[in-house]
Amino acid sequence: IFFFVVPEILFPGMSPFVLGSLALGFYTSSFVCEAVRSGINTVPLGQAEAARSIGMTFAQTLRIVVLPQATRTVIPPLSSIFIALTKNSAIAGAFSVAEL
């Protein structure tokens, strides 16, 4: 009932592929967000403070100092998340959506 009735009420005329892609995207985005957040938190606070003390803006601090260091710790969890996304696409395949 949930698969056949609710999408027709909320999203009339959308294909199962679009609905499945949206569902997988929303589900996976929370895990990606958490992985990136934890990667940014691994960068010592002193690094950002040092960048701010030499006159960098917040955006420059993130782009030049924090994100390059955080990338090293973000890549392993992201690879696991994208493997899980590929495996979860098989569940969407049960609802007449081709696997990724």
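A short reminder: the numbers here are calculations on the coordinates, not readings from a lab. Bear in mind the structure is a predicted one, so any value in this text is a computation, not a measurement. Using ideal geometry, Cβ is built from the backbone for each residue, glycine included, and neighbour counts are taken over all protein chains shown.
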*With the cut-off at 18 Å, report for segment 26-69 the share of all Cα pairs above it, as a whole percent.*
34
*Size-normalised alpha-carbon gyration radius of the chain, reference 2.2 N^0.38 Å*: 1.53
_Approximate spin-label separation Phe58-Thr86, in nm, with each point projected 7 Å along Cα-to-Cβ_ = 3.8
